[in-house]
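To start, the structure itself, in structure tokens.
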Amino acid sequence: MNPVIDLRSDTVTQPTPAMREAMMTAPLGDDVFGGDPSVNALQDRLAAMLGFEAALFVPTGTQSNFCGILSHCQRGDEYIVGQFAHCYRWEGGGAAVFGSVQPQPLEHQSNGTLLLSDIEAAIKPDDAHFARTRMLALENTLGGKLLPFDYVQQATSLAKSRGLMRHLDGARLFNAAVAQAAQAADQKAAPTAQAAIAEARRIARCFDSVSVCLSKGLGAPVGSVLCGSREFIARAHRIRKMAGGGMRQAGVLAAAGTYALNHHVARLADDHALAQRLASGLQGVEGLQVEPPHTNIVFVDLVGAAKARSADLMPYLKAHGILATGLYRLRFVTHLDVDAVGVDRAISVIREFFSA
Ligand SMILES: *Cc1c(COP(=O)(O)O)cnc(C)c1O
């Protein structure tokens, strides 16, 4: 029996033996008292990497965005955000439910950006009729798409010039950074970790706060980190407590995160190459429209007559040991625990389905 090829998400990875070793040997303390050296080391490390004063380890990316939004915005404020952004669409409306902060969603362009003129038009005048527009949230990568860096600069300078705070949901910031570094190097060789970290910092510098997931492509089992100014992180710390995110000997998890930052940044290029391999392997299949991936996520749409077969496809894949998601579109995500053999098997199973 072949092993299952799990392409549902980059969250499914198991910690590597070396990462487990780092977790096993991590010095621990009670982080609610600020006394867990491994948590403190992770927070200091990522803050320094991205050029922020401080950082906060949180259990999930959702809680990280929640703490970020509620630390920038008060009750009755609003944040401008993309229609498909995670912190609008995929977090149960938490900022509105628990924080009384209203989202102002905008349509995305096909490259994932929000039009500057739409952002401008969404900023409300100071008038009792309106919520106070307080923040712009961007996401990079967004659905695996790298936002063009000049766009990130333009959108965040516009926000700044209008007095808005700027939050980046950088759940996959390091995928963005690796792709951006590859672009800068003209794709000749996979970028070094150092080059990728420099790009991550360049992106992060455009924002007042950045949230990074350790549990996605970086391959840690649990955790995200929110970065910002010392004062901002002090507010976020209070909100994390209210959200029940004050964990105790959390260093056992944070150590996995530090290990991932030390060892798993440059290898994201492998995931991107596998996504390319999958996309190329599915090119030319009748009825499939494959979106060329920028990073580690491949979206595929069924078109024409193939559309009618979409209900049969997922059970077929599953029966053949290939897991993917298909909530809106078919989505395949590459990560630490899939290799070229697995990707090639996924390609042949999908091809078989459509040739039958
Ligand atoms: C996964 C993800 C999150 C949330 O992370 P969880 O740890 O699953 O809560 C937030 N934003 C983006 C862009 C994500 O991909």
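Some notes on this structure:
- Per residue, the chain exposes 44 Å² of solvent-accessible protein surface, assessed with a 1.4 angstrom probe and all protein chains in place.
- Among 202-210, 159-167, the order from most to least packed when residues are scored by Cβ within 10 Å on average: 202-210, 159-167
- Length gained on full extension, PHE98 to ALA305: 70.1 nm, using 0.36 nm per residue less the C-alpha separation.
- Using only Cα coordinates, the Kirkwood hydrodynamic radius of segment 267-355 works out to 13.0 Å.
- Backbone N within segment 89-129 under 17 Å of label point (7 Å from GLN153 Cα along the Cβ vector): 116
- In the chain, the DSSP-assigned H stretches of four residues or longer account for a calculated mean residue ellipticity at 222 nm of -13000 deg cm²/dmol, using -39500 (n - 2.57) per stretch and the full residue count as denominator.
- Only lysines eight or more places from LYS216 in sequence, or on another chain, were considered; those with a Cα closer than 28 Å are LYS145, LYS188, LYS241, LYS318.
- Remark: the Cα gyration tensor places segment 192-232 in the oblate category, a/c being 1.5 or greater and a/b not exceeding b/c.
- Surface composition of the chain: carbon and sulfur atoms hold 54% of the protein heavy-atom accessible area at a 1.4 Å probe.
- Scaling the Cα radius of gyration of the chain by the globular reference 2.2 N^0.38 Å produces a ratio of 1.00.
- Within the shell of other residues whose beta carbon sits under 12 angstrom from the beta carbon of LEU164, the net charge comes to +2, with Lys and Arg scored +1 and Asp and Glu -1.
- Percent antiparallel among DSSP beta bridges (both partners in the chain, rounded to 5): 45
- Comparing mean-square fluctuations of ALA171, ALA128, ALA306 from a GNM of the chain with C-alpha springs under 10 Å, the top value falls on ALA128.
- Inter-probe distance in nm under a simple model that places probes 7 Å from Cα toward Cβ, at ASP344 and PHE130: 5.8
- For segment 135-191 versus segment 77-104, the gap between their alpha-carbon centres in whole angstrom: 20
- With at most 12 other Cβ atoms within 10 Å, longest stretch of the chain clear of loop GluC sites (Glu not before Pro) (DSSP): 108-285
The values are calculated or read from the model by the stated rules, or taken from the named source; none is laboratory data. From a predicted model like this one, the values you see are computed outputs, not experimental measurements. Because the Cβ atoms are built from the backbone with ideal geometry, glycine has one as well, and the counts that use them run over all protein chains shown. With ligands, DNA and RNA removed, areas are computed over all heavy atoms of the protein, side chains included. Shrake-Rupley method; radii C 1.70, N 1.55, O 1.52, S 1.80 Å.
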